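Written out below as structure tokens is the structure these notes cover.
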Ligand SMILES: *Cc1c(COP(=O)(O)O)cnc(C)c1O
């Protein structure tokens, strides 16, 4: 059983095998001391090693000019290759099934060109209600592009009356019901608002059973929850790198495409020279010849300066495993949950599922009253959380840099309200 004391929290930090990772990050300050930063679900912190890598690229550019494409320490011609092994480990994929490119919403649209190809009566998209707005806009405009009415073509699964999280069973039943009208199931792996993690394997199997593709937006799952996208038979996925992957604001995104599509040259993808076979890329000939794997969805050459933070951050992920991070994460979020249950001066509900298998690190607190005032009280005391209208505070303790003491201090600040 946990204890709600500072000494107990510090004891957990002492026993934490991953505690040294924190020193690798810049921790934002509040009145001269480390703030309690719980916004890794929005923007991960800066790894200290970014600066040197950034300087090295600037130097290589200064020294070599165009020759840097081949002579730079990390040759720009091949820059996207430097991420594949790390990303593949994080999402549970083969190296050629992933690539770092573009940004999240752009990738969603690019992948839809391959995986949303309405034909006859099979034109519907099934998604969770309350998805991140960018995803909603993407789906809405994709179906409009083919002349469909979003209210007809998009099936949204809502929580049951009076509930906040969506029953998996309702998703599976709706897929079955949609049957041969369904072209695509597109779900946010972890819902940004409630923190609910969906069973990607089950959803994928149900989608395939109905003859549809299954794709996932992993913005809030990436670097947060271990996954096995290849074994789960997921068709495609995309993510951003600036949340739990700590790669900097607007940093390069990434995609997963299962090898059964990626290695099939007849499977449609929009072309660009960087997706073309590398051997013939500079022959400047007519006729797009996709290279192997997810890399064939690339269009442009690597935006190197937008990838440096990613390279730096993935070095840290390479120094541990998702399994170890997840073990600490469950413990850290479990401790947060325990402490929140001891708070009796405030009225709120934790709307994130209580089962660790159905959530990542984030807990979402729905306030019945004073939500905004409590959020401001936290901020004034150096606790950086995240406010979502109309009345939710999201708290994401990140195993790479948050401590049990951080979590304790959040609790202490909450009970001092009023
Ligand atoms: C953060 C987030 C986005 C942001 O998209 P960008 O294209 O990177 O600006 C989109 N979708 C989801 C689900 C997100 O969590």
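No lab work stands behind these numbers, since they all come straight from the coordinates. Given the structure is predicted, the values throughout are model-derived calculations rather than measurements.
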Would the range 214-369 count as rounded, prolate or oblate if I go by the C-alpha gyration tensor, calling it rounded below 1.5 in a/c and otherwise prolate when a/b exceeds b/c, oblate otherwise? prolate
Counting each DSSP H run of 4 or more residues in the chain as -39500 (n - 2.57), what helix-only mean residue ellipticity at 222 nm follows after dividing by all residues, to the nearest 500 deg cm²/dmol? -10500 deg cm²/dmol
Give the relative contact order (percent, whole number) for the chain; include only Cα pairs under 8 Å separated by 6+ residues. 23 percent
Cα-based equivalent ellipsoid of the range 54-317: semi-axis lengths in Å, sorted from largest, via gyration tensor: 34, 21, 15
Taking springs between alpha-carbon atoms closer than 10 angstrom, which of 77, 282, 236 fluctuates most in the Gaussian network model of the chain? 282
Using alpha-carbon positions, the gyration tensor of the range 101-247 gives root eigenvalues a ≥ b ≥ c; with a/c under 1.5 called rounded, otherwise prolate if a/b exceeds b/c, else oblate, the class is rounded
What is the Cα centroid distance between the range 211-240 and the range 321-390, reported in whole angstrom? 24 Å
Restricting to Cα pairs below 8 Å that are 6+ residues apart, what does the relative contact order work out to for the range 8-104? Please round to a whole percent. 13 percent
Projected area averaged over orientations for the range 28-165, convex hull of C-alpha atoms, nm²: 14.6 nm²
At q = 0.10 Å⁻¹, what is the base-10 log of I(q)/I(0) for the range 293-404 according to the Debye formula with one equal point scatterer per Cα and no solvent? Please give it to two decimals. -0.44
nm² value of the averaged projected area, convex hull over the Cα atoms of the range 1-92: 9.9 nm²
Between the range 262-290 and the range 42-102, what is the separation of their alpha carbon centroids in Å? 22 Å
Here the percent of antiparallel bridges among DSSP beta bridges lying wholly in the range 112-260, to the nearest 5, is 30 percent
Which residue fluctuates the most in the chain, going by a Gaussian network model with Cα springs under 10 Å, if the choices are 262, 32, 309? 32
Give the shape of the range 246-302 as rounded, prolate or oblate, defined through the alpha-carbon gyration tensor: a ≥ b ≥ c are the square roots of its eigenvalues, a/c under 1.5 means rounded, and otherwise the shape is prolate if a/b is larger than b/c and oblate if not. oblate
